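The values are calculated or read from the model by the stated rules, or taken from the named source; none is laboratory data. All of these numbers come straight from a predicted model, not from anything done at the bench. Using ideal geometry, Cβ is built from the backbone for each residue, glycine included, and neighbour counts are taken over all protein chains shown. Only protein heavy atoms, including side chains, enter the accessible area calculation; ligands, DNA and RNA are left aside. Shrake-Rupley method; radii C 1.70, N 1.55, O 1.52, S 1.80 Å.
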Amino acid sequence: MFNDIGPLELVTLIVLAVLVFGPDKLPKLIQDVTRTIRKIREFSESAKQDIRQELGPEFKDFEFDDLNPKTFIRKQLDNEDLGLKEIRNGFDLKKEMAEVSDAVHAREPESSSSSGSTGSSGGSIDMTKKPEAPREERPPYDADAT
């Protein structure tokens, strides 16, 4: 809950609490706050149990943390039934970037896995610059004509 509060900030908060509430009322205030937090936690746990009972046995493994979009997406991406791990593991970004770099710089790609060609045609695509066809000479620029 207070992961981003440093020791100096914590000491400042304690000193402020003592100055505002006084040393006599501070222990009673701390007890009231902890009691309120405990009641809120009990209320939320009972609400979760009521929701689970109302949903029925089909949702017995329902987790309320799954309602968080980040957690839900992470759980779905790690799901083995979808086969996304095979797709993610089968895509080697470094290899793909090396192939593109080799093609741009007109180098022969390293054939570490020549049998596992990723192209559907079986051949590699030649992305090297071709020598341009000789252009006809342009007529000289005539300033009076424009």
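Here are some notes:
- Evaluated against (1) at pLDDT 70 or above; (2) surrounded by 11 or more Cβ atoms within 10 Å (Cβ to Cβ); (3) of a type in the set (Gly, Ala, Ser), ALA143 falls short on exactly one condition, (2).
- Residue match in segment 42-62 (condition: modelled with pLDDT of 85 or more, closer than 30 Å to LEU13 by Cβ and over 31 Å from the mean Cα position of the chain (by Cα)): yes
- Check on ASP65, open to solvent by less than 90 Å² (accessible area, probe 1.4 Å), charged (D, E, K, R) and part of a helix (DSSP H, G or I): no
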